[in-house]
């Protein structure tokens, strides 16, 4: 009888542990922790720009991302972060330059009526530091930008310096 009881307890504990492991594997998709890869540095700059001069975002349905001048070896993680942001905030993500948007008819007379563009122009990039000149552009007279230094701090990215701010 004791062997049956012990066997039952062992089987019960194994099933319990297997259930806990399965729940851990099914962690939520919206991880509250910031991205630790290089994409996290760009996303930190994006969030800063997005919050700066919110009038440039007003009533936008498109968020265009110009990655022409990034040093990043793999842009897919950043594009995935930006796509998630767009999905959660009602934007359609476009991957293009201002010239490309003009050719496609999104930008007319240097004005992006239905959206804004985020542009990165990298100065230095490695696994722990990003220095980039970043711009949020909606029109020839509606844009902001700065030079950002972003450093990896344990498992997250932090903007440690901004300079050369400008606004048009």
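Let a ≥ b ≥ c be the square roots of the eigenvalues of the Cα gyration tensor of segment 75-116; is it rounded (a/c under 1.5), or, if not, prolate (a/b larger than b/c) or oblate? Don't skip to the answer; put the middle values down first.
Working: a/c = 3.69, a/b = 1.77, b/c = 2.08.
Oblate.
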Fewest to most Cβ atoms within 10 Å: 166, 157 sort as 166, 157
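Quote to one decimal, in nm, the extra length available between residue 73 and residue 124 on full extension: 0.36 nm per residue of separation minus the C-alpha distance between them.
Working: separation 51, 0.36 × 51 = 18.36 nm, distance 1.28 nm.
Stretched fully, the residue 73-residue 124 segment lengthens by 17.1 nm.
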For segment 38-167, what is the percent of antiparallel DSSP beta bridges, rounded to the nearest 5? 75 percent
If you find the alpha carbon centre of segment 46-85 and of segment 139-168, how far apart are they in angstrom? 13 Å
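Would you mind getting me the FRET efficiency between residue 102 and residue 52? Use the beta-carbon distance for r and R0 = 25 Å, nearest 0.05. Intermediate results must be reported in sequence, preceding the final value.
Numbers: r = 24 Å, r/R0 = 0.97.
Plugging the Cβ-Cβ distance into 1/(1 + (r/R0)^6) gives 0.55.
With the Cα gyration tensor of segment 38-167 giving a ≥ b ≥ c as the square roots of its eigenvalues, does the rule (a/c under 1.5 for rounded; else a/b larger than b/c for prolate; else oblate) give rounded, prolate or oblate? Kindly include the intermediate steps, with their values, before the conclusion.
Numbers: a/c = 1.74, a/b = 1.52, b/c = 1.14.
In terms of gyration-tensor shape, prolate.
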Could you work out how far apart the two model spin labels at residue 141 and residue 154 are, taking each label as a point 7 Å from the Cα in the direction of the beta carbon, and quote it in nm? 4.8 nm
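Read-outs: derived from the displayed coordinates by stated rules, not from any lab. In this text the structure is predicted, and so the values were computed from the model without any measurement. Glycine gets a Cβ as well: all are built from the backbone with ideal geometry, and neighbour counts include every protein chain shown.
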